[in-house]
Amino acid sequence: MSTELLLIIALSAIVVFAFAATFLMRRGDELPPTLETDLETEEEILHPEALGTGDEPEPEQDHAETATLERPEAPGGRLVRLRARLARSNSTLGKGLLAILGRSDLDQAAWDELEETLLAADVGVGPTTELVDNLRTRLKVEGSTDTARAREILREELIGLVGTDLDRRLHTTGDEGVPGVVLVVGVNGTGKTTTVGRLARVLVAEDRRVVLGAADTFRAAAADQLQTWGERVGAEVVRGPEGGDPASVGFDTVKAGIANGADVVVVDTAGRLHTKSGLMDELGKVKRVIEKQAPVTEVLLVIDATTGQNGLTQARVFGEVVDVTGIVLTKLDGTAKGGIVIAVQRELGVPVKFVGLGEGPDDLAPFDAAEFVDALLGD
């Protein structure tokens, strides 16, 4: 090999070596991460929950915030709190009776006036006659003309007429672990759905677990209203399709109550005219179907206290169909006449258990005879 050829080969090798060295030096700035960095990257991929530091923003929550549940007012003492409203609305009755009995001379005309006052207050013929006879007898026997004593006797007789020995408890305890079942019935416009919502608040305030049934399938608004009542206190609401079978909704409600371990199931029913036999028969069906799951422990008839004698007719018909066990008188603080309490109890032979005395969510009060009479008399 010639000297010239060897020189060319040597120069070429030098050029190649220099090029390779230059390339490697430039790549130094782009070397792959160290082993430690590799491990961290792998950890982030395999365990993405470890990503991020305290300086990074929190990821957005996909779920909605849980609404704060309301804590209803305890039912005890509600009637005392609401007594002032009742006294205002029925002041005419109390003042009228006391004005007559406070006269120095209780002649026949005075007794006739007393009787008319009671009848005008929807006390009813039978109870009015009984009360007047008892008052006349006691005042004559005692021979007292003292107004305070006459007031005391009137109070005692009214309390006796309203009834202190009636069972006004709400029966909500089922047998053998099944929930108690309360069926709420009445005509249109009496405030049934509102009563169911308020009743749920009473039960929740007593630490009962409640399931509500929207069996008024004829009005979507009624089911929506009941849903709102339930959500406010954490009570589950079972509803069916609009126009669906009310008995089916009642059945499903009790079934849900049993499955979820509820203490009480309250079923709202559609308002129905007591003169429509078909609708009344359907109500009887609702009760029968419900009782395939669990016995109905309470049937509450809701009556608008302002309807007077018409409310008594409604009570009679409903009582024949579903065996009413208790009465809820709504709107008792409006133009209602307090005597309806006495009359409706006499008509059905069942007690008034709750009264509605306002528009607030907790304006449903357990009925108490003595508190009611004191309100009538303005005590």
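The values are calculated or read from the model by the stated rules, or taken from the named source; none is laboratory data. All values reported here derive from a predicted model rather than from experimental measurement. Here Cβ is always computed from backbone atoms with ideal geometry, including for glycine, and neighbour counts include all displayed protein chains. Quick note on the areas: whole protein, heavy atoms, side chains included, nothing else; ligands and nucleic acids left out. Shrake-Rupley method; radii C 1.70, N 1.55, O 1.52, S 1.80 Å.
Structure summary
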{"read-out": "Extreme residue, nearest to residue 300 (Cα to Cα), among residues of the stretch 175-192 that are hydrophobic (A, V, I, L, M, F, W, C) and touching a His at 6+ places or on another chain (Cβ under 9 Å)", "value": "182"}
{"read-out": "Failed condition for residue 179, given (1) more than 18 Å from the chain's Cα centre (by Cα); (2) over 22 Å from residue 356 (Cα atoms); (3) not aliphatic (A, V, I, L, M)", "value": "(1)"}
{"read-out": "Residue match in the stretch 252-272 (condition: in contact (Cβ under 8 Å) with a residue 60 or more places away in the chain, open to solvent by 10 Å² or more (accessible area, probe 1.4 Å), within 27 Å of residue 344 (Cα to Cα) and assigned to a loop (DSSP other than H, G, I, E, B))", "value": "yes"}
{"read-out": "Residue count, the stretch 114-131 (criterion: free of Cβ contacts under 8 Å to residues at least 60 places away in the same chain and surrounded by fewer than 14 Cβ atoms within 10 Å (Cβ to Cβ))", "value": "2"}
{"read-out": "Of all residues making up the stretch 191-224, the number that are at negative phi and open to solvent by 30 Å² or more (accessible area, probe 1.4 Å)", "value": "9"}
{"read-out": "Any hit, the stretch 322-331, residues being more than 18 Å from residue 200 (Cβ to Cβ), of a type in the set (A, V, I, L, M, F, W, C), without any contact (Cβ under 8 Å) to a residue 40 or more places away in the chain and surrounded by fewer than 24 Cβ atoms within 10 Å (Cβ to Cβ)", "value": "no"}
{"read-out": "Pick from the stretch 132-143, criterion modelled with pLDDT under 90 and on the phi < 0 side of the Ramachandran plot, ranking: surrounded by the fewest Cβ atoms within 10 Å (Cβ to Cβ)", "value": "141"}
{"read-out": "All strands (runs of 3 or more DSSP E) inside the stretch 169-245 with 1 or more residues being without any contact (Cβ under 8 Å) to a residue 40 or more places away in the chain and not acidic (Asp, Glu)", "value": "236-239"}
{"read-out": "Flag for residue 318 being in contact (Cβ under 8 Å) with a residue 12 or more places away in the chain, buried (at least 22 other Cβ atoms within 10 Å of the Cβ) and either out of contact with any Ser or Thr (no Cβ under 8 Å at 6 or more places or on another chain) or in a helix (DSSP H, G or I) (or both)", "value": "yes"}
{"read-out": "Any hit, the stretch 366-378, residues being over 25 Å from the mean Cα position of the chain (by Cα), within 14 Å of residue 162 (Cα to Cα), crowded, with 22+ Cβ neighbours inside 10 Å and modelled with pLDDT of 85 or more", "value": "yes"}
{"read-out": "The one condition in (1) surrounded by fewer than 22 Cβ atoms within 10 Å (Cβ to Cβ); (2) under 15 Å from residue 120 (Cα atoms); (3) in contact with a Lys or Arg (Cβ under 8 Å, 6 or more places away or on another chain) that residue 305 fails to fulfil", "value": "(1)"}
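For (1) closer than 17 Å to residue 300 by Cβ; (2) modelled with pLDDT of 95 or more, each residue gets a yes or a no:
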{"position": "208", "(1), (2)": "yes, no"}
{"position": "212", "(1), (2)": "yes, yes"}
{"position": "218", "(1), (2)": "no, no"}
{"position": "225", "(1), (2)": "no, no"}
{"position": "238", "(1), (2)": "no, yes"}
{"position": "243", "(1), (2)": "no, no"}
{"position": "254", "(1), (2)": "yes, yes"}
{"position": "261", "(1), (2)": "no, no"}
